[in-house]
Each structure stands twice: as structure tokens, then as C-alpha cells.
Amino acid sequence: MNPTPTTSEERLDAALAAIAAAGDEGPRIFTRLYAHDAHAAARAADQRARQGQSLGPLDGRIVSIKDLFDVAGETTMAGSSLLRDAPPASRDAEVVARLRAAGSVIIGKTNMTEFAFSGVGINPHYGTPGNAFDIHRIPGGSSSGAGISVARGMADIAVGSDTGGSVRIPSALNGLVGFKPSQSRVPRDGAFPLSFTLDCVGPLCSSVADAAATDSVLAGTPHQPLPQQQVQGLRLGVARGLLFTETHPEVAAAIEQALTQLAVAGAQVRDEALDDLLGEPFRLQERGTLVAAEAAWIHRHWADTRGGEYDPIVLGRIRRGQTLDAAAYVGMQQARAALMPALDARMQGLDALLLPTVPLLAPRIDEVQDPDVFLRTNALLLRNPSVFNFFDLPALSLPLPREGKLAVGLMVVGRRGGDRDLLALGQAIEKQLRQLS
């Protein structure tokens, strides 16, 4: 039996070996590897460790980055073949620069849905990585390769983006912790945009502690250990109603078991009737979404002149955004601004909301090849997480114990601006739920 890797370079070697052992799956998970630079970064981290020095909580950790973050000197593909001939980035994205300054070992760029515009994780240009529990099933998107890179031991932590669930969906489907911070918390400079209003940057990892450590680096705040929080006495609202509909029986059973466990541990778990507010994003965006409208502007030149180079489903979603006029867009923004404080007021007596991250188990890749099935699946995957992008509340997806079965995620939604409070609360819930394992 090989000894457990302990140094950064040993863990990097193990991660690169896992990528190589994946065979054809490797290039579907990673679009680019930085083996040489990663070895240099790992050696430097090990040298600092021997000298008793540290650059922070991510020093020497193996990190993958989604292929929409700029790396100086190379083209940012954003999951598309359309950008292959685009000019190289002149500098690193701000989050990449912060990761490097913190001593992270960046192993490579991960595959993604084209232009981050789907929650399924399919990519016709670079292939679709299979789910960590069953390679014939979808990985979830749009941070598809990001989730797989951590779940299959190819990275300690992945950094992705989340506009409607793109960190939390692959985390839920691959048994990971995924954290969507408040929208303004992490800078998006040097990240290819999908929605100026809703894009967020966050980690996919194996624990809430890793999520908190990564968040501190990405947000540029001094890292402090999370305060110890107890489950006992937590006021947890269960957002039953619309966001619990169409839930697969296995998902529902896992969620109910978790809610029971938290109640037994002393949390105040109570149902909350919030559909009058949580249903509003869907009503307001029936003709088209904020994301589609902003994507239509971002892609205004390419969609008209190079439309044949897009994934047809992604292009169709951009086209729908082109149908929205300025009055409809401004109306959605004004309605959103009014709804946000209304939900804040209703959450005043709660520490967090609980609900399924996604209501279904990962379907087979071949089942979503039909465009109608794809669109229905995509809408269901995005439904729950996208609500909290709309309301700009921090949200965690926590894996529920399911030995040998497909993964299920519990979403924990915090109060406005309470990112660190949510992480501390999430760590307490994580500890309690792991006792079920």
C-alpha cells in the first residue's frame, strides 16, 4: 500500500496520476494542465512549510480553475470553440492572482458548459465529463469539470462561477460542498461574464472549512477560523411549496432524514410559506430572464455573425434574450430591487432556509440529448438555486450521506451579507449530518 501523500508535491503527483488514469475522461475534465508550473509552485510551498512559513490557508493546496478565468498569456475559451482564435489574456484574472499570492498550486483549467449557460454540464465542443458516481450520468453545470476534478481526487479545491447554480448544482450531483457567496463579495475582473447582475465566484470542495478558507482568499479578507456554532437552537426554515415540487423520491427521503436529524439535535426546524416571494423570479421572467438579456448584449456581435459556431441550445437561450426590450429589462431590475428587502424581512426570525439543492438525481447523459428533455432537465436543475442568485443571498450546498448511491445536496441559504455566518452555521450542520454516515 502506498503511503498517503503528505507534501504538496506528493499530492500534486497523486492528482496528476489520477488525471492520467482517467484516460479519455481526463481531457473532458481538464481543458488545460499546468504540470510544470504546478510542480514549481508545489516545491515552493513545501520549502515554505519546511521553514515554518505559510502564505495562508491555501498554501500548497491543489486548486483547479474554471475555464472562464483569464490566465496571462493564454486564450480564455469559456467552454466555446468560438474563442479559440481570441487574443490571449494580458494578465491573470483577479481571483487567479489572489490564488497564486496565497500559495495555491493551480493544476489546470476545467471544462464547462459553453459560456456557462446551462446547469446540465453538456459540452459538444470539448466533450462532457461523466458524473463522479457514474460516468454515464451528467456532471451538472456549468462548472462541470470543476466538480469532477475534486470528486475524483484531481484537485483539493475547484474555483467556479455561479449565476443560477453553477457551483451548487455540480456540487450537489457529485457529493461536494459548494458555496455561492454574496454577489459583490468576490471580484469578477478577468472572468468571462454571463450576467453582470447575477454572476458570483465560489469554491467546490470537500468540506465547509475548505470553502471558508477559499472564500477568504478569493474575497481578499484575512483568514480566521470559523466560529464554533452549535446546531442546537438554530432557527431553520424549510422552504416548502414550489421549490419542493417534482422532487425525486430518493432526494425527498434524504432531505427529510436530514431535517429530522437536525431537529433531534435541537434545531428549531419549521416549515415556512414563502411561495409568494420565492415564486416571483419565475413570474417576472416568464418572457425571458435577466441572464438571457445580459447574455444577449454580451454576445450581440458573435450571435449574429458566428451563430453556427455555438452550441445550438446555448444560442437559442441567447436568442430569447434578444427578444426582451429595454422596458422589460428595467422592469425586472426594479421589481427585483423591491423584492429583495421583502424576503429579508420574512427571514428576520430565521438563521437559514433549507431545501433540496436540486430536486432530481443526476440523469444519464444519453437521456438529455433530446433538446426538449435537455431544456426540461436544465430548468429543473436551475430552479431552486437560481432563486437565491435572484435574491442575492449566500447559499451552500452540503452533501447528504448516501453510501454507494447517487449524490443528493441540501441547500442552506443565509441572510443578506451574512456569508461568514452562513459558513459557520453550515459547518455545524455538516458535522451533525456526517454523524449519519
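The values are calculated or read from the model by the stated rules, or taken from the named source; none is laboratory data. As the structure is a computational prediction, the values presented were derived from the model and not from experiment. Glycine gets a Cβ as well: all are built from the backbone with ideal geometry, and neighbour counts include every protein chain shown.
A14 - would you say it is farther than 27 Å from T128 by Cβ, aliphatic (A, V, I, L, M) and at pLDDT 95 or above?
It is false that A14 is farther than 27 Å from T128 by Cβ, aliphatic (A, V, I, L, M) and at pLDDT 95 or above.
Just the residues that are of a type outside the set (S, T, Y), closer than 22 Å to Y126 by Cα, in contact with a Lys or Arg (Cβ under 7 Å, 6 or more places away or on another chain) and assigned to a strand (DSSP E or B), please, taken from region 158-202.
V159, G160, D162
Return yes when D421 is of a type in the set (D, E), farther than 25 Å from V269 by Cα and surrounded by fewer than 21 Cβ atoms within 10 Å (Cβ to Cβ) and no when it is not.
No: the conditions fail for D421.
Kindly check whether there is at least one residue in region 59-70 that is over 22 Å from V217 (Cβ atoms), assigned by TED's automatic domain parsing to the domain that holds S206 and at pLDDT 95 or above. It would help to see each step written out before you state the result.
Here is the first cut: in region 59-70, the ones over 22 Å from V217 (Cβ atoms) are none.
Scanning region 59-70, I find no residue that is over 22 Å from V217 (Cβ atoms), assigned by TED's automatic domain parsing to the domain that holds S206 and at pLDDT 95 or above, so the answer is no.
Inside region 186-229, can you point out the residues that are charged (D, E, K, R) and under 15 Å from the mean Cα position of the chain (by Cα)?
R188, D199, D210, D215
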